[in-house]
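Visitor: Below are the C-alpha cells for one structure; questions will follow.
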Amino acid sequence: MSKIFDLVVIGAGPGGISAAVEAQLAGVDKEKVLILEKSDAHNETVRKFYKHGKRVDVDWNGIKAEFHGHLTFTQGSKEEYIKQFDEIIEKYNLKVVYNHHVYAAHKKEDGIFEIESNHELGVIKSRKVVVAIGVMGKPNKPGYKFPPKIRPRLNFNLDKVCPGEKVMIVGGGDTAGEYAYGLVDMNLECDVTLNYRKSEITRMNPTNKEIVERYIKEGKINSRLGVDVENVEATEDGKVKVNFKDGSSEVFDRVVYALGGTTPTEFLQNCGIEMADKWTAKHDPKTFETNVEGMYVIGDVVEGAQSIAVAINHGYYAALDIAKKLGN
Ligand SMILES: Cc1cc2nc3c(=O)[nH]c(=O)nc-3n(C[C@H](O)[C@H](O)[C@H](O)COP(=O)(O)OP(=O)(O)OC[C@H]3O[C@@H](n4cnc5c(N)ncnc54)[C@H](O)[C@@H]3O)c2cc1C
C-alpha cells in the first residue's frame, strides 16, 4: 500500500463502483484504482436499509433513470441487484478493500492526497479522490429525544422486528411505504401502523402509493396520517408510548423511522470541502470536482438522497474528468 494510486474511491455503493469502472474504461490503469469500503461488503446502504426482497426501482424518488455512461442495472429484487454488482466487481476486477473506514482525505503540499482511516494498511496515497459515501451513515432522527430505556426499540430499518409485534413506521416517502406494506407482506403477524405528519401521501411513487392506500383501506395498515409525534416515552414494561400532537397516545413494541439520511458535513469539512448550503457540497455540476482540486463528490453525498441511477451517472462524469486530468 506504499505506492501512490491514481484514484482512490471512498465508498463502494453504486456511485463509487461506477467511478472505479468508468475510470478504468477511460484509460486509468486499473492497478492504480482502489475502492475503500467501511463495511464488509459493497452496497452497504442497500444491504442494511432495503428490506428483504425489495423491488429495486430504476426510476426512484421521482427521478426518471437515464444512464449516461457504461454502467446500468436492471430492475429486480434487492438480492438480484446485489448479484448484478457482484458481477460488475468481478468483471472489471475492481480492487475493493473492505472494513476500511475512512475519516478524511487531506491534500499535502506535493498535491498528493493522504487518506486517513482506522486501518493498519499504512497511509494510502492517491492523486485523485472520489468521495462516494452516501448519506445513510447517519439516518435522520426526529427532533425529540430517544429515552435510553427504549432506544433498542427505536430503529431505522426492519432488521429487529419480531413476529407478532405492534410496529409503527414513521415517514411519508417511498421507504416508509415499502417498510409498512413490506412488513405486512412478510406475514410475521405484525400489527402495522404508518405515521406521517401530513394527511395526504404525496412523496411516494405511484406503485407504492397505490399499495399503501389499498392496504390502509383493507385494514392491513393502520393509518396515523395527518398527525405528528410530540415525543416518545418508556412504559413500565419497557415498550414505546408514542404521544401525538393531537393529544392522543398509543403503545407500540417498536417504532421504525424511515426519514432518509443526513449529509455527512463533518466528513466533507474534514476533507476541506466547502458546503454551498447545509446539504450541498460545493462542486462543479459537470465534473463533480469540489473546491479541493482533485477531490470529487458523487451520489447522495452531493446534495442528499437521490437514486442509484443518479449516483452511477455522477461516477461516470467524475471518472471522465479524472481520466482526462491524469493524462488519458
Ligand atoms: C430504504 C431505501 C430504499 C431505496 N430504494 C431505492 C430504489 O428502489 N431505487 C433507487 O434508485 N434508489 C433507491 N434508494 C436510494 C439509493 O439507495 C441511493 O440513492 C444510492 O444508494 C446512493 O448511492 P451512493 O453510491 O451515493 O451511496 P450509498 O449507496 O449510500 O453507498 C455509500 C457507501 O459508502 C460506504 N461508506 C460510508 N461512509 C464511509 C467511510 N467513511 N469510509 C468508507 N466507506 C464508507 C457505505 O458503507 C456504502 O457502502 C433507496 C434508499 C433507501 C434508504
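Visitor: Within the bounds of region 244-263, is there any residue that is among the basic types (Lys, Arg) and under 30 Å from VAL232 (Cα atoms)?
Guide: Looking through region 244-263, at least one residue is among the basic types (Lys, Arg) and under 30 Å from VAL232 (Cα atoms).
Visitor: Read through the list (1) within 23 Å of ILE201 (Cβ to Cβ); (2) over 24 Å from the mean Cα position of the chain (by Cα), then give the number of the only condition that GLY304 fails.
Guide: Among (1) within 23 Å of ILE201 (Cβ to Cβ); (2) over 24 Å from the mean Cα position of the chain (by Cα), GLY304 violates only (2).
Visitor: Here's a follow-up. Is there a residue in region 37-48 that is of a type in the set (Ser, Thr, Tyr), surrounded by 18 or more Cβ atoms within 10 Å (Cβ to Cβ) and in a loop (DSSP other than H, G, I, E, B)?
Guide: There is no residue in region 37-48 that is of a type in the set (Ser, Thr, Tyr), surrounded by 18 or more Cβ atoms within 10 Å (Cβ to Cβ) and in a loop (DSSP other than H, G, I, E, B).
Visitor: So, in region 281-315, exactly how many residues are under 26 Å from VAL46 (Cβ atoms), more than 13 Å from the ligand (Cβ to nearest atom) and of a type in the set (A, V, I, L, M, F, W, C)?
Guide: 1
Visitor: Tell me which residues, restricted to region 199-212, are outside any loop (DSSP other than H, G, I, E, B) and surrounded by 17 or more Cβ atoms within 10 Å (Cβ to Cβ).
Guide: Residues satisfying the conditions are ARG203, ASN208, ILE211, VAL212.
Visitor: Of the conditions (1) over 25 Å from LEU268 (Cα atoms); (2) assigned to a strand (DSSP E or B); (3) hydroxyl-bearing (Ser, Thr, Tyr), TYR103 fails just one. Which one is it?
Guide: Tallying (1) over 25 Å from LEU268 (Cα atoms); (2) assigned to a strand (DSSP E or B); (3) hydroxyl-bearing (Ser, Thr, Tyr), TYR103 fails exactly one: (1).
Visitor: Considering only region 112-122, state which residues are farther than 15 Å from MET295 by Cβ, free of Cβ contacts under 8 Å to residues at least 60 places away in the same chain and surrounded by 12 or more Cβ atoms within 10 Å (Cβ to Cβ).
Guide: Residue satisfying the conditions is HIS119 alone.
Visitor: Shifting gears a bit: Checking SER18 against (1) of a type in the set (Ser, Thr, Tyr); (2) assigned to a helix (DSSP H, G or I); (3) surrounded by fewer than 22 Cβ atoms within 10 Å (Cβ to Cβ), which single condition isn't satisfied?
Guide: (3)
Visitor: Can you list residue pairs whose Cβ atoms sit under 9 Å apart, with the first residue in region 52-81 being closer than 17 Å to GLY173 by Cβ and not assigned by TED's automatic domain parsing to the domain that holds LEU25 and the second being away from the ligand (no atom under 12 Å from the Cβ) and modelled with pLDDT of 90 or more? Count only pairs 6 or more apart in sequence or on different chains.
Guide: Hits for this filter: zero, empty list.
Visitor: Residues of region 112-139 being away from the ligand (no atom under 15 Å from the Cβ) and modelled with pLDDT under 95, which ones?
Guide: Within region 112-139, GLU120, GLY122, VAL123 qualify.
Visitor: Restricting to region 231-280, count the residues that are within 16 Å of the ligand (Cβ to nearest atom), free of Cβ contacts under 8 Å to residues at least 24 places away in the same chain and of a type outside the set (D, E, K, R).
Guide: 2
Visitor: Can VAL9 be described as in contact (Cβ under 8 Å) with a residue 40 or more places away in the chain, more than 8 Å from the ligand (Cβ to nearest atom) and crowded, with 22+ Cβ neighbours inside 10 Å?
Guide: It is true that VAL9 is in contact (Cβ under 8 Å) with a residue 40 or more places away in the chain, more than 8 Å from the ligand (Cβ to nearest atom) and crowded, with 22+ Cβ neighbours inside 10 Å.
Visitor: Going residue by residue through region 188-197, is there one that turns out to be among the hydroxyl-bearing types (Ser, Thr, Tyr), in the same structural domain as VAL232 (by TED's automatic domain parsing) and more than 12 Å from the ligand (Cβ to nearest atom)?
Guide: yes
Visitor: For region 32-51, give me the residue count where each residue is more than 12 Å from the ligand (Cβ to nearest atom) and without any contact (Cβ under 8 Å) to a residue 40 or more places away in the chain.
Guide: Total satisfying the criteria: 1.
Visitor: In the list VAL97, VAL58, which residue meets the criterion of being over 16 Å from the mean Cα position of the chain (by Cα) and of a type in the set (A, V, I, L, M, F, W, C)?
Guide: VAL97
Visitor: Still on this structure, I have one more. Which one of these does GLY53 not meet: (1) small (Gly, Ala, Ser); (2) loosely packed, with under 14 Cβ neighbours inside 10 Å; (3) out of contact with any strand residue (DSSP E or B) (no Cβ under 6 Å at 6 or more places or on another chain)?
Guide: (3)
Visitor: Here is a follow-up. So, GLU109, is that one within 16 Å of the ligand (Cβ to nearest atom), over 23 Å from the mean Cα position of the chain (by Cα) and either part of a strand (DSSP E or B) or loosely packed, with under 13 Cβ neighbours inside 10 Å (or both) or not?
Guide: no
Visitor: Another one. Looking at region 56-94 only, could you name the residues that are basic (Lys, Arg) and surrounded by fewer than 16 Cβ atoms within 10 Å (Cβ to Cβ)?
Guide: Selection gives LYS64, LYS83, LYS91.
Visitor: Right, next: If ASP40 satisfies every condition in (1) more than 16 Å from the chain's Cα centre (by Cα); (2) at pLDDT 95 or above; (3) within 21 Å of GLY261 (Cβ to Cβ); (4) not aliphatic (A, V, I, L, M) but one, which is the exception?
Guide: (1)
The values are calculated or read from the model by the stated rules, or taken from the named source; none is laboratory data. All values derive from a computational prediction rather than experimental measurement. So basically every Cβ, Gly included, is an ideal-geometry build from the backbone, and we count neighbours across all protein chains shown.
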